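**Student:** Have a look at this one.
Please treat every number below as a calculation from the coordinates, not as lab data. None of the values given here were measured: they were computed from a predicted structure. So basically every Cβ, Gly included, is an ideal-geometry build from the backbone, and we count neighbours across all protein chains shown.
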Amino acid sequence: MEQQEEQEVGGLSHHGSSQDLGSPPISSFEPGESSQQEEGTVMRRSENYLPVPGEDKNLDGDFNGKTRNDESMPMKTLYASDGSLLHLPHGPYFSDGQRRVDYVLTYGIQKPSAVRRQSSKLSDNGFFHRLRRSLSSRSSRAPLQPKEDPEVAATEQQANYHEDDKRFKREEFEQNLQEMGLELEKDEGGKIAGIGFLKIHAPWAVLCREAEIMKLKMPTKQVYEVKQGSNLVEKIRLFIHKVTDPLHPKVGPKRPEDVKSLSLPFSKEKQHLFDLSDRDKFFDSKTRSSIVYEVLKRIRWTRPNYSLGITSLLANGVYTSAYPLHDGDIDGVTAEPNDRKLLFEEWASYSVFYKYQPIGLIRKYFGEKVGLYFAWLGVYTQMLIPAAIVGVIVFLYGCATVDDNIPSMEICDPRNNITMCPLCDSACSYWKLETACGTARASHLFDNPATVFFSIFMALWAVLFMEHWKRRQMRLNYVWDLTDYGMEEEEHYKDHNRAEYELRVAEKTMRQDQGAAKDEKVKLTCTDRMPAYLTTVVMMSFMIFITFVIAFGVILYRISIKTALHLSTYPAARSNIRATVKTTAAIINVIVIIILDEIYASIARWLTTLEVPKTDKSFEERLIFKTFILKFVNAFTPIVYLAFFRGRLVGRPGKYLYVVGSYRMEECAHAGCLMELCIQLCITMLGKQLIQNNLFEIGIPKLKKLLRKRKSELTSKQEEELHKTLKRYEKDHVLGPFVGINPEYMEMIIQFGMVTLFVASFPLAPLFALLNNIIEIRLDAKKFVLELRRPIAAKVKDIGIWYNLLRGLSKVAVIVNAFVIAFTSDFVPRLVYQYTYSPDGTMHGFVNHTLSYFNVSDFQNGTEPNPPNFNVKVCRYKDYREPPWSNTPYELSKEFWAILAVRLAFVIVFQNMVMLMSDFVDWLIPDIPKDISFQIHKEKLLMLDHFMKEEGRRRDNHNHDGYTSPSSGSASPHSRPTFHARAGCKMWE
C-alpha cells in the first residue's frame, strides 16, 4: 500500500498550462528541494493525499516570462475509472478534484509598477478582460502618471513596500500553517481581478488531532432506542406526528426518531468505537471548517515584541477576507444534490411558509448557534398563535359590545348638550362633547373589561413561552449532544484575543521601558481603558438625551399643528383635526425611530471598539448591552410618554402648564389617551416590521445588485455566463460577509417588548407580530442560504444573554400593564363610580361624574377664545376638581384621591397576583423534560457499558493476533477499518 502511494507522489508531472483542466494556477515545487519539505511530504504520504507546498518565496522573479505560479499539477487520482473527473471543476475542491477546500483566505494582488505598465500595454480589450474588470473591487488598470514624476514614483515605491511586507507576512503565516499539517493551494489567476485565493485543506490526520483537542463529540457505532414516555404519551405523540406529517419538511432519509447514536469525545486511542467506514463523511463540511478555523486562530505570525493571529492579519489587510465554502449551487444543470440546495427548497422558500423548519439540517449546515436562533424564533412564532387568537377575540368582544357601552352612548347623545373648554389658547373655541363620539366608540374596542383578562393572559403566556423554550432547548441539547458541553469547552472557544486587543497590547509593549520585567505578561488594564469608558458613559447619556429631545420635538409639533389646523380656513383641515395630528405624529415618530436605530447601532459598535474588549464573547456582550439600551429607549420613549405622561402634566383652565414659552401641554381626549397609544403602537409595529425589518432586508440587497448592474459593462446574459464559469470560492467571495445573528435577535427582542409591555392597550399586537415572523423566518433563511457567506459553526448550548433580556422584559411587562390599566385606561374610575358613586349601581351618569366645571370669566388674559362666545358662562373639562362656587375652587376633589388610592391598590394587587401565578407556573413545569432526563442518564450507562465491551473485544483481538504469523495478511472484516483508521493518526501520537 505504501509503495503504491509513493508512486503516486513521485509520479507528478508539471504542465505549462492550467487551462486543460480548468484548474487555477497553484504553487508547486519538486519533492526533493529541501529535506524539511521532503519530510513533510513523507508524513502525508500515508494519507492518500498529494501535498501542495507553499508559494515560491523568490520575490524578484522574472515577471515577463512564464513563472512557476503558472504551473498546474495533473494527478493520476484526478479521473475516475470511466475517465470522468472525480468532482466537478467548479466544486469546493482543490484542482486535483479530490481534496476538499475546507477554508479560504483572500488577499489583494498588486503587481510592481513596471509590470503594471507593461501589462497595460500588452493587455487587449477582449471579452474576458471586461469580465474580470466588472467583478473587480477596484480597477486593475489605473491611469499611469509619467515616470519622471518623483512624487508619483515615491508613492509607488511606498505602495510596493507595503505590498511586499504583506506578502512576507503571508508567507510566514502560511509556512506555519503547513507545519501544522494543513495543505494549501493558491489561485491568483481567477476571474476576479486583483484578488488571490488561498485554499486550505485539512488532511485526515489533522482532523483527528484537532477533533481530540477540541473534544468534539462524534457518533459511535452503537445505537439505542429512545422512548418518549409512557405508552399513552407515545401513542399521542405518534398520532400528532402523523396528523402533522404534511407540515414537516422533506429533508431526505432520516434515522427514526426513536433511535439515537451514542456519542463520545473523539480520541485517537478509541477510534475503534467510531464508524470510520467512510472518512470523507465522518467529519462533515461544517465540522471541517470549524477545525481549520481553530487552527487558524492558534497560528501566530510572531515577532520579538508582538505576534499577530488571523484576526490581526485580517484587520491589517494582510488578508482581506476569510470564510468557509458553501456546499454547492442551488440551481442549474451542474448543481449536485447538497445540503444548501435542500435548505433552499425546504426552508428558504416562501412556498413552504406553513411548514416546520428543518432545525436539524440548519444546525448541521450552519452550526449550533444559528440553529438555536431559528429554533427559538420558531418556538416564539408558534407561541404567538394562541396569543394572536385570544387578542382577536378580545378585539371582537369590544366590537360586539360597543353599542352597549353606556359611557360612549352618553358622549354620543346630543341631548346632553355638554360644552367643553377650548383645547388651545385663543385660536380654539368651545366645542360640544358629542363631537368626540367616534373617538369614544373606538376607544371601547381596546378599553373594556376583556383587556384586563388579556393582560393577565399575556403575563402567563410570557412565562409559558420561556418555560416551553427552556424545555425545547434542553431537548435540542440532548439530540445535538450538548448536554455535557461545559465551561471548559466554552473557554476553549472564547479564549482567543481579538485583533484590536492584540494590536493595542503590541503598541503598549513597544512603549514600555526597557527595564520592565520581560516575563511579565502585558495586558490592557482598567486605567488603559478609562478614556474609552468615560467616552462611553458620555456618549450613551448624550444619545439618550437626544432621543428625549426628539420626542419632545414631536410633542411641540403636535401642539403647533393642532393650533395651525384650528386657524385654517380650509374646511377639510378643520373637520378631523385630532385624527390628523395623531396619525402624522405617529408616522414622524416611526421615521425618526428607524433613522436613529441605524445611527445608534453604528455608535454602539464604535463605542465597543473603543473599549478594546479582549475576546469576541466580551465584545459581543458589551455591544448587545449598548445596542439594546439605545434601541429600547429609542423605540419606547414616545409610547411611554403617551401612556403615562400625556394629559397629566396639563394643569387646568385658567392655569395651564406652558413649555418653551407659549406652548400649552396637550390634553388627552375625553375617552383617555389609550386610543392614541394604540395608534402609536400600531404604526410603530407596522412601520418597524414592514420598513426596517422586511423592506430594508429585501430592498437594500436588490438596490445594491441594481447598482452593480448599472456600473457593470456586461449585459445580464454575459453576467449569467460569467457566474457559471466562476469557481465555488469565487462565487462565495461575491456574497456578503456574515456579521452575526445579533441584529436578528435584536429585532425580535424589541418586537417581544411591543407584544408584552403595552398589550393592554393593543390586543392585536400578537397578530401583527405573528404575520411578521412568518415572513421573517423565510426572509432570514433566504438571506443565510443565498446572500451571505457561510458562517463559522459556533457551538453553544443556549441563546445566552438574550434569554436574560427576555425574562427581564416579561417581568417588567407585568408592572407596565398594571399601570396602563390603572392609570391610562378608565377601568378603575368606572369601577369606583359603579360601586361607590352611582345611585343605581349602573354606569349611567359616569361621563358627567368625570367632568369638572370652569367659569369662563376666570380665563387668563389672552387665553380666552377669540372671538369670545358670550353665550357660554361655564365650560366643562375632564378632571376631578371642585367647582368654582365651592369654598376651595378648582382644587382636587375627594373623588380624585379616592380613585388614586384604588389605582395604586389595583397596581399592587395585579402585580403580586400575576407574579405569584407566573412563579407557580414556573415551578409547576420542570425545565428538563422527564423523558430527556431519563434518556441522559440511560445514555451515560449505555456509554460506559459499550466502552467496556469494545475494550474487551479489542483486547481479545489483540491477543488473537499475537498468535498469528507476522507474514499473514488476513484480517477480520471488523479489524481492517480499525487498522487503517489508526494508521491515519499514528504520526501525531
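**Student:** With label points built 7 Å along Cα→Cβ from the Cα atoms of residue 525 and residue 871, find their separation and express it in nm.
**Tutor:** 8.3
**Student:** By average Cβ neighbour count within 10 Å, what is the ranking of 369-381, 96-108 from highest down? Let's see the in-between values first.
**Tutor:** Details: 369-381: 20.7, 96-108: 22.3.
Ranking, from highest mean packing down: 96-108, 369-381.
**Student:** Would you kindly state how much longer the chain becomes between residue 499 and residue 162 on full extension, computed as 0.36 nm times their sequence separation minus their alpha carbon distance, in nm to one decimal?
**Tutor:** 119.4 nm
**Student:** How do the peptides 470-479, 627-636 rank, highest first, by the average count of neighbouring beta carbon atoms within 10 Å per residue?
**Tutor:** For the peptides 470-479, 627-636, the packing ranking is 627-636, 470-479.
**Student:** With θ taken as phi - 60° and the coefficients 6.51, -1.76 and 1.60, list the Karplus ³J(HN,Hα) couplings across region 885-899 in order, rounded to whole Hz; mark glycine and proline as x.
**Tutor:** Rounded to whole hertz, the list is 8, 7, 5, 10, x, 6, 7, 5, 8, 5, 4, 4, 5, 5, 5.
**Student:** Mind checking region 314-365 for chymotrypsin sites (Phe, Trp or Tyr not before Pro) that DSSP puts in a loop (not H, G, I, E or B) and that have at most 10 other Cβ atoms within 10 Å? Could the numbers behind the result be given before it?
**Tutor:** Details: sites: 319, 344, 347, 350, 353, 354, 356, 365; in loops: 319, 347, 353, 354, 356.
Those satisfying the criteria are 353, 354.
**Student:** OK, next. Checking the table 242/281; 470/688; 617/782; 432/894; 705/797; 614/795 against a 25 Å threshold on Cα-Cα, which pairs fail?
**Tutor:** Beyond 25 Å: 242/281; 470/688; 617/782; 432/894; 705/797.
**Student:** Ok, one more. Sort 245, 187, 339 by Cβ crowding within 10 Å, fewest neighbours at the top.
**Tutor:** 245, 339, 187
**Student:** What order do you get for 589-595, 872-878 when each peptide is scored by the mean count of other beta carbon atoms within 10 Å, highest first? Kindly include the intermediate steps, with their values, before the conclusion.
**Tutor:** Details: 589-595: 18.7, 872-878: 16.7.
Ranked from most to least packed, the peptides come out as 589-595, 872-878.
**Student:** When the C-alpha atoms of region 164-249 are aligned to their principal axes, what extent does each axis show, in angstrom, from largest down?
**Tutor:** 72, 33, 19
**Student:** Let me ask something else. Give me the extension gain from residue 396 to residue 919: residue separation times 0.36 nm, minus the current Cα-Cα distance, reported in nm with one decimal. Intermediate results must be reported in sequence, preceding the final value.
**Tutor:** Details: separation 523, 0.36 × 523 = 188.28 nm, distance 3.07 nm.
In short, 185.2 nm is gained.
**Student:** Could you please report the charge total around residue 451, scoring K, R as +1 and D, E as -1 over all other residues with beta-carbon less than 13 angstrom from its beta-carbon?
**Tutor:** Once all neighbours under 13 Å are counted, the net charge is -1.
**Student:** For region 900-941 and region 729-751, what is the separation of their C-alpha centers, rounded to whole Å?
**Tutor:** 34
**Student:** Then there's this: Sorting 526, 668, 673 on the 10 Å Cβ count, fewest up front, what's the list?
**Tutor:** Listing 526, 668, 673 from fewest to most nearby Cβ atoms yields 526, 668, 673.
**Student:** Moving on. Going by amide H atoms built from the backbone, whose H comes under 5 Å of the H on residue 652, apart from near neighbours?
**Tutor:** Excluding prolines and chain starts, which carry no amide H, the hits are 657.
**Student:** Where the eigenvalues come from the Cα gyration tensor of region 856-931, what are the semi-axes √(5λ) of the equivalent ellipsoid, largest first, in whole Å?
**Tutor:** So the three semi-axes of region 856-931 are 53, 16, 8 Å.
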